[in-house]
Amino acid sequence: MPTSHPVLSVVVPMYDEEDVLPIFFERMHPLLDGLGISYEVLVVDDGSRDGTATLLREATGTWPQLRLVRLLRNSGHQAALSAGFRRARGDYLVTIDADLQDPPEAIAELLATAREKDVDVVYGVRSDRSSDSWPKRTTARMYYRLMCRLVGMDIPFDAGDFRLVSRRVVDAVNGLPEDGRVFRLVIPWLGFPSAQVKYVRAERAAGVTKYNWSKMFRLAFDSVTAFSAAPLRLATWLGLLGGLVCGLFVVGALVVKLSGNSVPGWTSTVLAVGIIGAIQLLCLGLLGEYVARLFQSSQRRPQFLVGYDSLEDPGHHSYAE
Ligand code: UDP
Ligand code: MG
């Protein structure tokens, strides 16, 4: 089997997953062997501190398709996925969590769908989230609602990081120079033809969640700031509003002064505070606008990606889709 260029790369980020690893191997190994295609399993050990690294190294003895990448320190789920995207060699790449919440059996369906429908992305979409806790479901719903509004595009609801992408997508993602990418937003944003496969998300097979509250907040903040300058724009509007209120105060103070009811020194104090406040808030808002522009151009995202060009690829049929 030509391992240098397998059909399928399965990328699995792992952080302190020693409890689930034996079950993971037991279920994944026969399943992937049974697909009848060449594959590699690329485990990205995200700086685990438990026995994960040892267990993984041992497993390479019995599973030749297992490839290991170890990050020096815990860099987070999305960073681990980035490392996997850079190293995967397959024509197709599936990302899947280590905890078997996403059924590995569905990998075959993801692959078949990609081939049948000739699409570059197949999202695994959770048809039932009842296995997740109530706070997780609620925050997840809020997250997807907010992101759809901010990003201004249809991101598939309840599609986590269980999905298949083609080599074209892998190369496009790797070509994005930005840091802190959030895959579940960047991939729909790229705009490749896609399809969905529904699945039921299971309970974690063993161990506990590695996404604590601070990591969930990190993901939410990265998601918002990577795709939207809305918080900065909000600062501009607040600045304008604050400036307006300060202006009204200044006018009010002058009126009081002219009507002769003011205490000595009051008008000049209000005027000084009001005018300086108004100028500061307006300037802050203006700065926000410039920072937003700088930020967007520093991401250096491509302005567009070409799906079809009759000059380069006359025989290709995806133009009609
Ligand atoms: N993970 C990781 N680095 C982290 C946190 C999580 O690589 O800092 C991995 C983890 O091992 C798992 C996947 O990301 O394979 C999803 O994490 P988890 O199942 O704990 O999240 P949940 O399903 O609870 O959202
Ligand atoms: Mg999980």
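Each value in this text was obtained by applying a stated rule to the coordinates, not by laboratory testing. Just so we're clear, the structure is a prediction, and the values are computed from it rather than from any experiment. A quick note on method: Cβ atoms are made from the backbone with ideal geometry, for glycine too, and the neighbour counts reach across all protein chains shown.
At-a-glance table
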item	result
Gained length - ILE23 relative to ARG129, 0.36 nm times residue gap less alpha-carbon distance	36.0 nm
With eigenvalues of the C-alpha gyration tensor scaled by 5 and rooted, region 1-104, Å	20, 16, 12
Region 22-175, relative contact order in percent, only Cα pairs under 8 angstrom and at least six apart counted	26
R0 of 25 Å, Cβ-Cβ distance GLN280-VAL255: FRET efficiency to nearest 0.05	0.60
Computed [θ] at 222 nm, helices only, for the chain once each DSSP H run of length n ≥ 4 contributes -39500 (n - 2.57)	-16000 deg cm²/dmol
FRET E, pair LEU305, ASP179, Förster distance 22 Å, beta-carbon r, rounded to 0.05	0.65
The chain - percent relative contact order, Cα under 8 Å, separation 6 or more	17
3J(HN,Hα) from dihedral phi, region 171-183, Karplus parametrisation 6.51/-1.76/1.60, rounded to Hz, x for glycine, proline	5, 5, 5, 5, x, 7, x, 5, 9, x, 7, 10, 4
Å³ per residue enclosed by the Cα convex hull of region 102-153	93
Principal axis dimensions, largest first and in whole angstrom, of region 164-268 by Cα	76, 35, 25
Descending semi-axes in Å of the chain, equivalent ellipsoid built from Cα gyration tensor	50, 24, 17
Exposed-loop-free span, longest in the chain, where chymotrypsin sites (Phe, Trp or Tyr not before Pro) count as exposed if DSSP calls them loop and at most 16 other C-beta atoms lie within 10 Å	1-156
